[in-house]
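All remarks here apply to the structure that follows.
The values are calculated or read from the model by the stated rules, or taken from the named source; none is laboratory data. Predicted model, so just to flag it, every value in this text is computed and none were measured. Here the Cβ is made from the backbone with ideal geometry for all residues, glycine too, and neighbour counts use every protein chain on show. Heads up: the accessible areas ignore ligands, DNA and RNA and are worked out on the full protein's heavy atoms, side chains in. Shrake-Rupley method; radii C 1.70, N 1.55, O 1.52, S 1.80 Å.
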Amino acid sequence: MDKSAGQKRASQHLFPPIDPFDQRMLEVGDGHRIYVEQCGHPKGIPVIVLHGGPGGGCSPAMRRYFDPAEFRIVLFDQRGCGRSRPHASVTSNTTWHLIADIEKIRAELGIERWVLFGGSWGATLALAYAQTHPERVAYMALRGVFLMTQAELDWFYGGGAGQFWPDLWARFSDPIPADERSDMIAAYHRRLFSGDMMIETRHSRAWAAWENALASIEHEGPAGEAPADYARAFARLENHYFSNRGFLDRDGQLLDDVPLISHIPATIVQGRYDMVCPPASAFRLAERWSRADLKMVPMAGHALSEPGISAELVRTMRNVQRQAGLLGL
């Protein structure tokens, strides 16, 4: 869950475009190879960017939230998406595999502790990683919080958001027979993993279009179709993770386990009108986390590229830069 509509409007808040100084394919086992890049200062403050989806992949715009003279910016495409291979594969692809991959990246790059920067599913993964390896995390910058709960999935795939966007919900639900619409995730799963490439691609585009259309508060109507390869990886991986409730042990686990990270300082940036990941999750998370500062951005939705969201995230990372010494970075 991580769209980037309206990036041009947000670019005024970002640092200039940069190129990586290091790009590599990292073997992580189970037949997977993941794409990893580093940008900025090779000896700067280490920060890892956790993209959304699952299956969204990282983009060049994600490099631009950090001062490249001060930060060592690590981006990677999670298993099965972006430039990682095999493409759109869900084999050996769980939250716990991704956490192990992050640890492998950290060890490979010789980083002791770092900052986590993640939005939407990237915030989910950041919380899961930090609760598993709290000793490796110096600070967390989260955006558009998604806690992988049944209530959140019911909101977005059970018709809650569709009450506000009935026309777009109809576009999403129409490809599914009426007698299967009580469980849209399961209905789409049958088609996204049908083995028929035409069926998979058609339903992948419908799945991606539903989320993309609601990502930005400045909705401008149905967007054009996503490229087939991108849509297939995005839809299959999201559906795989959501069908398995994020591979967590229990509903509400990430919220219940906040005490494991209560000592880690954090900033939570949340759009007030986020239709994909409603603000209630960010609010509940901040309530339980005394060292987390919740920044509710007015007139903003879900997308990383919302101007208000971008401005607050850049401000957050400037504050991290100023506190680097206190944070042990």
Whichever residue in the stretch 160-198 is among the small types (Gly, Ala, Ser) and part of a loop (DSSP other than H, G, I, E, B) and, among such residues, is surrounded by the fewest Cβ atoms within 10 Å (Cβ to Cβ): Gly195
Out of Ile48, Ile34, sole residue that is touching a Leu at 6+ places or on another chain (Cβ under 7 Å), open to solvent by less than 40 Å² (accessible area, probe 1.4 Å), closer than 27 Å to Glu152 by Cα and assigned to a strand (DSSP E or B): Ile48
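If you take the residues of the stretch 65-91 that are within 20 Å of Asp229 (Cα to Cα) and of a type in the set (Gly, Ala, Ser), which of them is most open to solvent (accessible area, probe 1.4 Å)?
Gly82
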Test: residue in the stretch 149-156 that is closer than 21 Å to Phe247 by Cβ, touching a Lys or Arg at 6+ places or on another chain (Cβ under 9 Å) and surrounded by fewer than 15 Cβ atoms within 10 Å (Cβ to Cβ): yes
Count - residues of the stretch 273-297 that are closer than 26 Å to Pro54 by Cα, open to solvent by 30 Å² or more (accessible area, probe 1.4 Å) and either of a type in the set (Gly, Ala, Ser) or assigned to a loop (DSSP other than H, G, I, E, B) (or both): 4
Residues of the stretch 51-64 that turn out to be open to solvent by less than 30 Å² (accessible area, probe 1.4 Å) and either of a type in the set (Lys, Arg) or modelled with pLDDT under 95 (or both), as a count: 1
Residue satisfying all of: in the stretch 199-255; surrounded by 20 or more Cβ atoms within 10 Å (Cβ to Cβ) and among the acidic types (Asp, Glu); modelled with the lowest pLDDT among these: Glu211
Residue match in the stretch 103-125 (condition: open to solvent by 10 Å² or more (accessible area, probe 1.4 Å) and of a type in the set (S, T, N, Q)): no
Boolean, Glu211 is among the acidic types (Asp, Glu) and either over 24 Å from Asp274 (Cα atoms) or touching a Cys at 6+ places or on another chain (Cβ under 7 Å) (or both): no
